[in-house]
Amino acid sequence: MSWQDLVNNNLIGTGNVSKAAIVGFDGSVWGKSDNFNLDQAEATQAAKAFVNPDAVLASGLRFEGQKYFVLRADDERVIGKKQGDGFFLYKTAQVIKDIKLLISVKKLFV
C-alpha cells in the first residue's frame, strides 16, 4: 500500500477526516488528499513544530493560508483550531525508523 493509498483509504475513507497528509520530518510530502492545498512551507513548518513546540504555541500554524491557534503541542502531537475547523499533527515512527508526520484537518462541531 502506498502513502497515497493510506491517506485516501485509511484517513479520508473513514469519513472522520476531511483533509489529510503524510509528511516527512523534513517537510517532504509523502501523500496527501486531493482537496488539501498544503504548500511546501506549511508542511515544513508543521514538521518543525515538534522541534520547538513552545514556538508554535506562541505563533500558531498555517494550513491552506489560514492561521490556526495551537491549543496543545508536545513531542507526540500538535492540536489546533480556528473557529469551527481544527487540525491534528501526530508524529509516528515506522519500522525502518523514518519519521513521518500525519496532518489531518477536520471540520469540528464545537
Subset of segment 1-47 (residues that are surrounded by 16 or more Cβ atoms within 10 Å (Cβ to Cβ), closer than 15 Å to THR92 by Cα and without any contact (Cβ under 8 Å) to a residue 24 or more places away in the chain) | GLY27, VAL29
Tell me which residues, restricted to segment 48-60, are surrounded by fewer than 17 Cβ atoms within 10 Å (Cβ to Cβ) and β-branched (Val, Ile, Thr).
-> VAL51
Mind listing just one residue for me: the one in segment 61-80 that is surrounded by 13 or more Cβ atoms within 10 Å (Cβ to Cβ) and of a type in the set (Gly, Ala, Ser) and, of those, farthest from ILE12 (Cα to Cα)?
-> ALA73
Test: THR92 is hydroxyl-bearing (Ser, Thr, Tyr) and assigned to a helix (DSSP H, G or I) = no
Under 7 Å by Cβ, and 6 or more places apart or on different chains, what pairs join a residue from segment 69-83 that is among the aromatic types (Phe, Trp, Tyr) with one that is in a strand (DSSP E or B)?
-> PHE69/GLY80; PHE69/LYS81; PHE69/LYS82
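A short reminder: the numbers here are calculations on the coordinates, not readings from a lab. Note that the structure is predicted; figures quoted are calculated from it, not measured. Methodologically, a virtual Cβ is constructed for each residue, glycine included, from the backbone with ideal geometry; neighbour enumeration extends over all protein chains shown.
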